[in-house]
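Take a look at the structure below.
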Amino acid sequence: MKTLKERILQDGKVLGENVLKVDSFLTHQVDPLLMQEIGREFAQIFKEEGITKVVTIEASGIAPALFTGLFLNVPVIFARKQKSLTMKEELLTTEVYSFTKEVTSTVSISKKFLSEQDNVLIIDDFLANGQAALGLTALCKQAGAQVTGIGIVIEKSFQSGRQLLEEKGLRVASLARIASLKNRQAQFISEDE
Ligand code: G4P
């Protein structure tokens, strides 16, 4: 997606060789017009798939997921990393290990929001090692729901996430695929215009 890649080049900050800081438009301050365009793009990619729910994980997946749900006209569920006081009902839960943060967190979704009738599109802001997407897939499977696709805003293609997900038979669609962050510059994989 051209506008996203231009925005990454303009406002993204490369930290070391592995981390791209995009807190001015995606992970802290959020640009609603860009999120709208992202949501429209994901909806376009997955419009023939009969998606019934969009599933993401708090916090930074919520903005792109919400606009995707808007354009697909389906509800959006975000998995929680901490149990809410009002979540008294039965939960689907799994453990997600973050290589970036070196912590394991328990993520959960209320059983009542997913069933075997559901056909899920998972949306997330970043794909690095694929652990968040894999955890969300596990939650959907616990509910008997089908995961039809994974939509990623920024894929770091030099990390192992895409390979891991594709090996499990999952379809991954990323709007910007970064081949390298060397020399403080994002280099994109060119076929994703
Ligand atoms: P993985 O899910 O693909 O395995 O990724 P990993 O554990 O490495 O990443 C953990 C967190 O860091 C995730 O956010 C992920 O979105 C984010 N992340 C990974 N690589 C980058 C990067 O290059 N830049 C930025 N800005 N974030 C990155 P999270 O812990 O779920 O937190 P939240 O910020 O969404 O609440």
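Some points to look at:
- Residues that are over 11 Å from the mean Cα position of the chain (by Cα), in a strand (DSSP E or B) and crowded, with 21+ Cβ neighbours inside 10 Å within region 112-143 comprise just one, Val120.
- Some residue of region 69-78 being outside any strand (DSSP E or B), aromatic (Phe, Trp, Tyr), out of contact with any Cys (no Cβ under 9 Å at 6 or more places or on another chain) and surrounded by fewer than 16 Cβ atoms within 10 Å (Cβ to Cβ): no
- Selection status of Gln117, closer than 26 Å to Glu49 by Cα, out of contact with any helix residue (DSSP H, G or I) (no Cβ under 7 Å at 6 or more places or on another chain) and near the ligand (Cβ under 10 Å from one of its atoms): no
- Where a residue in region 62-74 is on the phi > 0 side of the Ramachandran plot and its partner, wherever it lies, is at pLDDT 95 or above, with Cβ under 9 Å and at least six apart: Asn73/Ala43
- Subset of region 129-157 [without any contact (Cβ under 8 Å) to a residue 60 or more places away in the chain and either of a type in the set (Lys, Arg) or within 11 Å of the ligand (Cβ to nearest atom) (or both)]: Asn129, Gly130, Gln131, Ala133, Leu134, Lys141, Ile150, Ile152, Glu155
- The residues of region 151-193 that are surrounded by fewer than 18 Cβ atoms within 10 Å (Cβ to Cβ) and in a loop (DSSP other than H, G, I, E, B), listed by number, are Phe158, Ser160, Lys168, Gly169, Arg171, Gln185, Ile189, Glu193.
Residue by residue, here is whether (1) over 18 Å from the mean Cα position of the chain (by Cα); (2) closer than 21 Å to Lys101 by Cβ holds:
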{"site": "Val147", "(1), (2)": "no, no"}
{"site": "Gly151", "(1), (2)": "no, no"}
{"site": "Arg162", "(1), (2)": "no, yes"}
{"site": "Leu165", "(1), (2)": "no, yes"}
{"site": "Ser180", "(1), (2)": "yes, no"}
{"site": "Gln185", "(1), (2)": "yes, no"}
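- Of all residues in region 3-36, exactly one satisfies the criterion of being within 12 Å of the ligand (Cβ to nearest atom), without any contact (Cβ under 8 Å) to a residue 60 or more places away in the chain and of a type in the set (Ser, Thr, Tyr), namely Ser24.
- Filtering region 89-104 to residues that are crowded, with 17+ Cβ neighbours inside 10 Å and either modelled with pLDDT under 90 or within 12 Å of the ligand (Cβ to nearest atom) (or both) leaves only Val96.
The values are calculated or read from the model by the stated rules, or taken from the named source; none is laboratory data. Not measured: the values here are computed from a predicted model. When we count neighbours, we look across all protein chains shown, and the Cβ atoms used for this are built from the backbone with ideal geometry, even at glycine.
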